[in-house]
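> One structure is given below, represented as structure tokens, and several questions about it will come after.
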Amino acid sequence: MRDVDTKLLRAAVALAEELNFSRAAEILHIGQSALSKQINTLEELLGCELFSRDSRGVVPTAAGERFVYEARLALLHQERAIQFSREAHRNREIPLQVGKSPYTDPYLLSNLLSFRLPLFPNLKVQLTSKFAVDLEHDLLNGTLDLAFLTALPPTPLLSSVTVARQPMYVAMLESDDLARCADVRDGQLEGTSCILPERHVHPPLYEMLIAGARPATKPGTSIHHVMTAEDASHFVRRGLGVAILSQAGAWRIARNGITIRPLNINGIELETRLACRSDSQVRVVSEFLRGFVKRLNEQASAKQFQLRLAG
């Protein structure tokens, strides 16, 4: 089969977005008949129908939806290849789009921003902060090069490596009965009112906490929902319950009468993976991923020295 011309990819994407030959042709600055010819040529090359046409309009077929999804990515990577080469030629900064969520360990971010690639001295990391599920979507559609995905199940569409594992923490008043324990264990939250992040902030993590920790499942208890650790601290101080938070969030509010304890329940853990698209052919992405993970491993294996105590 002959290679598919870029203009045919653009024709399919424009028609899928507009669902109208006249409007799509106008966007492409060509005539409607020329667009029809391009779509027919594309369908002949592929040997299948990409769009069904009738009196009601134009609708992508199942094959068309899949083709257009990949065509958008192909066009995006083509544009980025041109952008990267021009910026490298001009000795300008090459951007690397990296996503992180509120659950990303600040230690990882500080390492990320200080990491350098000798092969790409003009590389500049540009951070984007979103909810974890949105980061996964942006990776798949090519908007992001890399992303820290926390507490999300692996997918074959993404290549990833685990870079951190952390327990969740429970924030409570210093006078709370749970503060007498070294950690919070299975069953202890069933009779306690709890403060959780809103489900839409991180649906998989929310379901994990509900199923594993079973918070506020006894009569007389309730669950309150918040958006941030700072919101949770207000609820805790008002005596509305204890808050289940990430390590970074818990440490931010552990003051002025609030103390924290690790949540020690089997199966509840924040695993963070650094991920990119499985089919990514961008060398700077693979080199950065490999080098960054190597740096983390070297730091983890480095000998740790203990400070001597006075006296």
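> Name the pairs: first residue in the range 38-53 and in the same structural domain as residue 25 (by TED's automatic domain parsing), second residue surrounded by 19 or more Cβ atoms within 10 Å (Cβ to Cβ) and assigned to a strand (DSSP E or B), Cβ to Cβ under 9 Å, at least 6 apart or on different chains?
Cβ pairs passing all conditions: 39/51; 43/51; 50/60; 51/60; 52/60.
> In addition: With out of contact with any Ser or Thr (no Cβ under 8 Å at 6 or more places or on another chain) and closer than 15 Å to residue 170 by Cβ as the only criterion, which of 193, 233 stands out?
233
> For the range 192-228, which positions are exposed (fewer than 14 other Cβ atoms within 10 Å of the Cβ) and more than 30 Å from residue 137 (Cβ to Cβ)?
Selection gives 218, 219, 220, 222.
> Can you tell me which residues in the range 168-209 are farther than 22 Å from residue 257 by Cα and either within 26 Å of the chain's Cα centre (by Cα) or of a type in the set (Val, Ile, Thr) (or both)?
198, 199, 200, 201, 202, 203, 204, 205, 206, 207, 208, 209
> Just checking, how many residues over the range 18-61 are in a strand (DSSP E or B) and hydroxyl-bearing (Ser, Thr, Tyr)?
Total meeting the criteria: 1.
> Condition check: under 23 Å from residue 210 (Cα atoms) and buried (at least 18 other Cβ atoms within 10 Å of the Cβ). Does residue 149 satisfy that?
Yes: the conditions hold for residue 149.
> Which numbered condition trips up residue 124, out of (1) touching a Ser or Thr at 6+ places or on another chain (Cβ under 9 Å); (2) in a strand (DSSP E or B)?
That leaves (1) as the condition not met.
> Could you list, ordered by first residue, the pairs with Cβ atoms under 8 Å in which the first is in the range 127-155 and in a strand (DSSP E or B) and the second is crowded, with 22+ Cβ neighbours inside 10 Å and among the aromatic types (Phe, Trp, Tyr), at least 6 apart or interchain?
Close Cβ pairs satisfying both conditions: 146/288; 150/103.
The values are calculated or read from the model by the stated rules, or taken from the named source; none is laboratory data. If you're wondering where the values come from, they're calculated on a predicted model, not measured in any experiment. Glycine gets a Cβ as well: all are built from the backbone with ideal geometry, and neighbour counts include every protein chain shown.
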